[in-house]
Amino acid sequence: MKITVIGTGYLGAVHAACMARIGHEVLGVDSNPDRVSALAAGKPPFFEPGLDDLLSETLATGRLRFSSSLAEAAEFGEAHFLCVGTPQSTTSNAADLRYVKAAVSDLAPRLTRPCTVIGKSTVPVGTAQQLAERLRASAPAGDQVQLVWNPEFLREGFAIADTLEPDRIVIGTESPAGIAVMRELYEPMLAAGTPFISTDFATAELVKVAANAFLATKISFINAMAEVCEATGADVTQLAEAIGHDDRIGSKFLRAGLGFGGGCLPKDIRAFMARAGELRVDQALTFLREVDEINLRRRRHAVDLARICLDGHLAGRRIACLGAAFKPNSDDVRDSPALDVAAALQVEGANVRVYDPKAAEAGARDYPTLGFTATLDEALEQADLIMVLTEWEEFRAMDPTDVGRIVKRPAIIDARNCLDPQLWREAGWHYRGFGRP
Ligand code: UDX
């Protein structure tokens with residue numbers, strides 16, 4: 001099919017390349033001309049494993065192009081995917097829908113032929129219904145323009161595999177015609193046996209935020225257990241392993257540590273609470289406030305532990321902060337726990353040096369006063385304390401003896417519980433994990 005992908009951020013760029021990969025003719029559209037020219041030249045404007053190769057491969061087939069013209073998109077597409085961002089509003093917990101609304105308002109008057117508009121952005125429940133009405137009212141093709149809501153569940157770092165081999169495909173639609181279009185679009189995935197759930201708009205919108213709320217709750221649950229472990233001398237990593245063997249609980253998303261960040265989980269649970277308030281069911285989601293609070297408490301705990309490790313004084317002490325991205329294999333620093341901690345240490349007077357294999361540039365843009373180093377060794381040099389804040393493979397692979405020769409004091413806080421405590425202690429290090437004795 002001839003499709004367009006409107007908004008080429010982490011979600012849209014990957015979606016566009018993957019749709020071309022499975023045989024569609026794809027036009028990626030973005031209002032940012034720099035992004036369009038980078039993508040057209042096969043250069044992803046962010047780091048996602050495998051995306052550069054996939055872009056080169058699909059651009060070479062001629063099935064993938066990029067443009068900044070919505071008029072061209074309207075002319076070209078039989079199906080239009082909306083992949084624009086829905087960040088947290090600057091003045092409240094609610095989602096900021098201005099980009100979704102602008103995309104629909106700009107596209108609709110240009111839709112003169114029958115087509116399908118497919119929303120992938122994460123939106124508050126009720127948005128799709130409003131957008132469907134707006135489309136019908138302002139598209140010249142009127143009722144011939146149908147809306148489908150198709151939430152996206154991809155994880156950064158695994159975005160290509162998650163798009164090409166999704167766990168499930170969920171679509172919200174008002175008509176059987178919408179189901180047929182989606183079946184055609186995702187034909188290879190359906191042939192591979194991917195579960196396909198067709199429902200109404202509201203359920204499709206809610207599936208996405210419910211999934212993220214559940215995942216956030218699971219992480220905060222284990223981090224709450226970590227707090228209890230810290231008070232009792234128990235080990236949360238063993239506790240997680242033991243409860244994870246119960247199939248009903250499962251072992252995934254039970255890694256205790258610095259908690260969740262990124263462009264999705266934090267803002268999605270807040271927007272969900274805000275929407276529940278508008279719907280007068282805020283009590284149903286009060287627990288998410290606690291989930292958010294437990295998560296943020298872990299960041300403060302990291303700073304407290306650093307102070308304890310440095311005998312009560314952060315001012316003037318050299319701290320190597322390892323990691324800036326919100327998780328490994330990504331250069332995304334949105335709501336990054338790692339940078340939050342680094343900035344808080346700096347505010348308390350510590351001499352902080354941050355190293356991240358991929359996210360230094362993005363980190364320096366958001367935190368211009370933090371010092372970023374080009375190499376791991378530069379960050380480690382003469383450090384009074386090392387803090388592992390993102391579990392990149394480069395940090396997991398560090399040799400405690402080698403690192404011991406570079407730093408000033410052999411003290412390390414493993415805020416992601418990603419190192420082997422025994423190995424580090426045997427090499428003479430003062431090792432502190434999160435929720436571990
Ligand atoms: C998430 C959802 O997984 C995805 O389905 C949705 O579409 C978008 O939001 P993503 O933000 O890419 O994806 O990252 P994810 O792998 O889910 O991790 C989120 C955060 O939780 C990271 O900061 C990660 O470090 C943290 N995390 C994850 C933990 O602290 N412990 C865990 O056990 C798992």
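The values are calculated or read from the model by the stated rules, or taken from the named source; none is laboratory data. Here the structure is a predicted model, which is why all the values come from computation and not from measurement. Because the Cβ atoms are built from the backbone with ideal geometry, glycine has one as well, and the counts that use them run over all protein chains shown. We work out accessible area using only protein heavy atoms, side chains counted, and drop any ligands, DNA or RNA first. Shrake-Rupley method; radii C 1.70, N 1.55, O 1.52, S 1.80 Å.
Couple of notes before you dig in:
- Only residues that are farther than 19 Å from residue 436 by Cα and of a type in the set (Val, Ile, Thr) were counted across the range 377-415, and they come to 4.
- The set of residues in the range 354-380 that are touching a Lys or Arg at 6+ places or on another chain (Cβ under 8 Å) and not aromatic (Phe, Trp, Tyr) comprises 371, 373, 378, 379.
- Residues in the range 269-289 that are within 16 Å of the ligand (Cβ to nearest atom) and surrounded by fewer than 23 Cβ atoms within 10 Å (Cβ to Cβ) were compared, and the one that is farthest from residue 157 (Cα to Cα) is 288.
- The range 38-148 holds strands (runs of 3 or more DSSP E) entirely within its bounds, and those carrying 1 or more residues that are of a type in the set (Val, Ile, Thr) and in the same structural domain as residue 6 (by TED's automatic domain parsing) map to 115-119.
- Matching option when the condition is free of Cβ contacts under 8 Å to residues at least 24 places away in the same chain and open to solvent by less than 30 Å² (accessible area, probe 1.4 Å), among 121, 56, 89: 89
- Qualifying residue in the range 240-260 (condition: closer than 13 Å to residue 213 by Cα and in contact (Cβ under 8 Å) with a residue 12 or more places away in the chain): yes
- Take the conditions (1) closer than 14 Å to residue 11 by Cβ; (2) open to solvent by less than 40 Å² (accessible area, probe 1.4 Å); (3) out of contact with any Gly (no Cβ under 9 Å at 6 or more places or on another chain); residue 169 misses just one of them, which is (1).
The rows are residues; the columns are (1) at pLDDT below 95; (2) open to solvent by 70 Å² or more (accessible area, probe 1.4 Å); (3) touching a Lys or Arg at 6+ places or on another chain (Cβ under 9 Å).
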| position | (1), (2), (3) |
| --- | --- |
| 203 | no, no, no |
| 210 | no, no, no |
| 218 | no, no, yes |
| 222 | no, no, yes |
| 233 | no, no, no |
| 236 | no, no, yes |
| 239 | no, no, no |
| 245 | no, yes, no |
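- Just so you know, in the range 415-437 the residues that are open to solvent by 70 Å² or more (accessible area, probe 1.4 Å) and within 23 Å of residue 307 (Cβ to Cβ) include one that is modelled with the lowest pLDDT, and it is 437.
- Taken over the range 126-166, the criterion of being open to solvent by 20 Å² or more (accessible area, probe 1.4 Å), in contact with a Ser or Thr (Cβ under 9 Å, 6 or more places away or on another chain) and away from the ligand (no atom under 16 Å from the Cβ) is satisfied by 134, 138, 140, 146.
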